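Quick notes on the structure that follows.
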Amino acid sequence: MSKNTWYNKELSFINNNIRYYQQMILLSTDPYQRMFYEGLLSNEMRRFYYKQWHINCMNNPSNREGENTHVNQREFTLEELAQYDGAGGRPAYVAVNGIVYDVSLDATWGGGTHFSLYAGRDLSGAFMGCHGGRTEILRNLPQVGVLKLNEMSINCPIRNLKTITARKIMDLALEKIKNASVKKVNLIWLEATGCAGNIISLLNAENPDVIYLLDQMVTLKYNNSLMAAEGESAFQQFLDTLETEFILVVEGAVATKDEGLYTIIARYQGELVTAMEAVKIAGERAKYVVTVGTCASYGGPSAARPNPSQSVSVPQLLNKEVIRVPGCPSHPDWAIGTIANLIAFGKPELDAQGRPIMFYGITIHDQCTRRSYFEKGIFATKLGDRECMFKLGCRGPVTRTDCPVRQWNGYVNWPIEDNTPCIGCAQERFPDGMGPFVRY
């Protein structure tokens, strides 16, 4: 296939994406979902003009002869370079020793990956380690610019969105609190039948961190792990909060066998208090009920077969609307962003399952970094392969979260990038309906 034919096919693919994103912008009623698709549209428009420019260079010899000289004038910041990661059909650029190279047409860089390396980054150190600094290896690659370090730049909106959504909503909520248009709200966070993974995830929050949440946004009245009080005095604080306006957050499924005795959260006046009882009491009086994590939202691992504790999800237990924030665990941004939205604006726009669309509006497959392989029918045959892992059991096409955009562990990584299939942990049928997690 000639380069011209290849670029024309890419243009057709990009045009289809542009039309789709334009349609989704028109249909979106949630402002954050609309921002998301506007970011995607902006990115696709840049790709479109980039491809068109390359076609013009190939069809016009005079342009082609001066191609490197013309493009080399561009200076890339690290943030701008990160936009050219080769994912989803985007151009793949890498920087080595201050020079930015286009590896889009290099067969060893399919999908923007090369062994354990990823396009859109400064790979000077890796190049020195792998190739001993032999720059003749790069001689035949198009040079598209130079790297400009230590300069702030405006990121692509989609990359901004992954880190600012929760913080932006919280800042708006805080502004309303300071203006006295809304008040700081009481929060009960109950840990029921689960692993406490979501409270641990919350403690790993970065933008904003958990201190910001607890100091500026909410008054944490009760939590099994974090509160200073213990014993009866702790549970008394729980009971006192029931007489106020508060948000109830539940993580973990609810054990129901033997009246809930499989999960005891307190002893009060000589009587055992079960998680089932506490969820029912608080759920009836809470202004909002939010389930954080897949166990609380759908039952999850705690309710997996054979389910000896007869655990159920919170929506199954309560006769009340419940906002689901699933994930095993839930990303801290999803939990904090949802709570902040409730404080500042009330209930966010939810999908049919009661999930906030701003975090669960697209599937992982929609923005997977290996989507281009899927579109071309190129699939991995074993773990560690760089191609699409759909045939290995990846559940990205049926799982709605923004993991590819937001990422984890300080916004630096996520399962697919770490060469493991998505196991669908935020999906309603996880884990029983998602297995086997890896299929050969």
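Structural remarks
- Extreme residue, modelled with the lowest pLDDT, among residues of region 295-337 that are of a type in the set (D, E, K, R) and in contact with a Lys or Arg (Cβ under 7 Å, 6 or more places away or on another chain): D333
- Residue in region 218-231 that is among the basic types (K, R) and within 15 Å of R285 (Cβ to Cβ) present: yes
- Scanning region 315-336 for residues that are of a type in the set (V, I, T) and assigned to a helix (DSSP H, G or I) yields one hit, I336.
- Unique residue being more than 12 Å from the chain's Cα centre (by Cα), under 30 Å from I281 (Cβ atoms) and outside the structural domain of I247 (by TED's automatic domain parsing) when the list is F374, F379, F430: F430
- Index of the failed condition, G270 passing every other in (1) without any contact (Cβ under 8 Å) to a residue 24 or more places away in the chain; (2) within 30 Å of N409 (Cα to Cα): (2)
- Any chance G384 is part of a loop (DSSP other than H, G, I, E, B), touching an Asp or Glu at 6+ places or on another chain (Cβ under 7 Å) and in contact (Cβ under 8 Å) with a residue 12 or more places away in the chain: no
The values are calculated or read from the model by the stated rules, or taken from the named source; none is laboratory data. Predicted, not measured: the structure shown is a model, and the values here were computed from it. Neighbour counts run over all protein chains shown; Cβ positions are idealised from the backbone, glycine included.
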